[in-house]
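Taking it in order: structure first as structure tokens, then the write-up.
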Amino acid sequence: MSGELHIERLGGLAGMGLPASHLRSEGRLAADALSAADRAAVDRLFAPRPASRGAASPVRDGLRYRITRTSATGAPDVVEVAEEVAASQVPQALLDSIRDTLR
């Protein structure tokens, strides 16, 4: 994996990152800046999974994280993970890159 990873924190009580929100919470990190273990963790997040059948998060007003990377074809490859998944599967270096800004 090479290139840049873009992560956005969305939702929550403040509605961060949603169209009507004035708060943007995002980060960027070069994939090469991650350790081999962290790159493998990101690859696992993008691995195909069975459909979740639209199951809602059990956490009311829970956050989710949208991670975007460039695929081998040059197209953006996007995955969204719930906050409870992110805590255990998204590399801490990627979460630490997130900064809040006003738009």
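Here are some notes:
- Residue (of ALA31, HIS6, VAL78) at the positive-pole extreme of the chain, dipole from beta-carbon charges: VAL78
- Using R0 = 22 Å, the C-beta based FRET efficiency linking ASP96 and PHE46 works out to 0.65.
- Over the chain, Cα pairs under 8 Å with separation of 6+ residues give a relative contact order of 39 percent.
- What the phi angles of the stretch 19-29 give under the Karplus curve with 6.51, -1.76 and 1.60, with θ = phi - 60°, is a coupling list of x, 8, 7, 9, 10, 10, 10, 8, x, 9, 8 Hz, glycine and proline written as x.
- C-alpha long axis of helix 36-46 to longest principal axis of the chain, angle in °: 60
- Given R0 = 25 Å, the distance between the Cβ atoms of LEU18 and ALA72 translates into a calculated FRET efficiency of 0.25.
A short reminder: the numbers here are calculations on the coordinates, not readings from a lab. Note that the coordinates shown come from a computational prediction; the quantities given were computed from them, not determined experimentally. Note that each Cβ is placed from the backbone with ideal geometry, even for glycine, and that neighbours are counted across all protein chains shown.
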